[in-house]
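Enquirer: The structure that follows is given in the form of structure tokens.
The values are calculated or read from the model by the stated rules, or taken from the named source; none is laboratory data. Keep in mind that what you see is a predicted model, and the values were worked out from it rather than measured. Reconstructed Cβ throughout: ideal geometry from the backbone, glycine too, with neighbour counts over all protein chains shown. These accessible areas exclude ligands, DNA and RNA; they are computed on the full protein's heavy atoms, side chains included. Shrake-Rupley method; radii C 1.70, N 1.55, O 1.52, S 1.80 Å.
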Amino acid sequence: MDPQQPLIESGKKAFDIEKERISVISDIKLSFNDSKKGRAEAYVTMLCTNGEARVSVNQKEYVLQKNDLLICCPGDEVQGLGNSDDLSACGFYLSRKFFEELSSMPLGLINARVYIAEHPQLHISDHAALVYTQYYELIRSKLTAEVPIKHHQLVSDLLLQAFMYEFHDTLEGTLKLPSTLFTSGENLFKQFMQLILKTNPKPRSVAWYADQLNVTPKYLSSVCKNCSGETALAVINRYVLEDVKRHLLRPEKSIKEIVAELDFPSISFFGKYVKKHLGVSPKFYRQRITESM
């Protein structure tokens, strides 16, 4: 779906795919009556708070009413089929890159990835809807502020992380998924992700995780590739880099302290690792981020 002419239009701020960040869906203008088809360019979540809308996702029709959550992923084909005059909704656009940056979140897409792929419409509880709208209003207020605060980007990102954690917890109770929905490979991938999330500092070796899960490194990487499109090493590095970036954002921590806390063998090794994956030295990355805040 062309972000410049989306089915769901953003209010004050259009989604800027070039900046690859986040946009709120506000002051809703819904063109559900023109029957235009398009493919989503970003992750879209939209909560219906009043009225009714009909939409087709991947050629399957859904009717959205109060407390119905619509989730579309990049590449999904979306078509509007009509809406009531009193329709209101709110939500977010998240670019692929930004979504990956937030991938240390469970988000419900680890435990419910198969379910959500088959059920883009979720009816959530009043409590879950309240959590969604409360965070939405807070995040929207930061993103649309006329005079952003000094740490505008960091505050917005951390608020979204907090939202994802809390909303994930509410969804777990709502969906009540039977384990039979998942194949053995998908269950292994879920265990692998849970192991990464709970382990600190995170080992950078596929062999370590494979040993903990009683499988071979080759099999673990194959399962990861099938379930996520990434190798096990790529997934591990992504999570390790999230820890690296989070530590580098704390100016009171020296590079030596970060190296020790993240269990890197030396400052030199850490520097080469950061340069390889982030393109710059730890010192320059910290300086660049600090200046942009």
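Enquirer: Mind listing the phi-derived Karplus ³J(HN,Hα) values for segment 279-289, rounded to whole Hz, using 6.51, -1.76 and 1.60 with θ = phi - 60°, and x for any glycine or proline?
Expert: Using θ = phi - 60°, the values come out as x, 9, 6, x, 5, 5, 4, 4, 5, 5, 5 Hz.
Enquirer: Which of the chymotrypsin sites (Phe, Trp or Tyr not before Pro) found in segment 225-293 are loop residues per DSSP with 11 or fewer other Cβ atoms within 10 Å of their Cβ?
Expert: none
Enquirer: Once the piece of chain linking Gln65 and Asp126 is laid out straight, how much longer is it, given 0.36 nm per residue of separation minus the C-alpha distance between them?
Expert: Going from the current span to full extension adds 20.7 nm.
Enquirer: Same structure again: Can you work out the accessible area per residue across segment 180-228, with the rest of the protein chains kept in place, probe 1.4 Å, in square angstrom?
Expert: Spelled out: the 1.4 Å probe surface of segment 180-228, per residue, equals 56 Å².
Enquirer: Ok, one more. Between segment 190-230 and segment 45-75, how far is it from one alpha carbon centroid to the other, in angstrom?
Expert: If we compute the Cα centre of each part, the gap is 34 Å.
Enquirer: By how many nm would the segment from Phe269 to Arg96 lengthen if fully extended, with 0.36 nm per residue of separation less the alpha-carbon distance?
Expert: Gain in length upon complete extension: 59.3 nm.
Enquirer: When the accessible area of segment 181-293 is computed with all protein chains present and a 1.4 Å probe, what percentage of it is carbon and sulfur?
Expert: Numbers: 3390 of 6250 Å².
So the carbon and sulfur contribution to the accessible surface is 54 percent.
Enquirer: Quick check on my link table: of Lys190/Lys276; Lys198/Lys245; Lys60/Lys190; Lys190/Lys245; Lys142/Lys253; Lys253/Lys275, which ones sit more than 21 Å apart, alpha carbon to alpha carbon? Please report the intermediate quantities before stating the final value.
Expert: Values: Lys190/Lys276 28 Å; Lys198/Lys245 18 Å; Lys60/Lys190 28 Å; Lys190/Lys245 24 Å; Lys142/Lys253 27 Å; Lys253/Lys275 19 Å.
Lys190/Lys276; Lys60/Lys190; Lys190/Lys245; Lys142/Lys253, as the Cα separations exceed 21 Å there.
Enquirer: In the neighborhood of Ser268, defined by Cβ-to-Cβ distances under 12 Å, what is the net charge if each Lys or Arg adds +1 and each Asp or Glu adds -1? Please list the in-between numbers first.
Expert: Details: positive: Lys256, Lys272, Lys275; negative: none.
Computed value for this residue: +3.
Enquirer: If you don't mind, there's one more thing I want to ask. Could you compute the FRET efficiency for Lys225 and Thr199, with r as their C-beta to C-beta distance and R0 at 22 Å, rounded to 0.05?
Expert: 0.55
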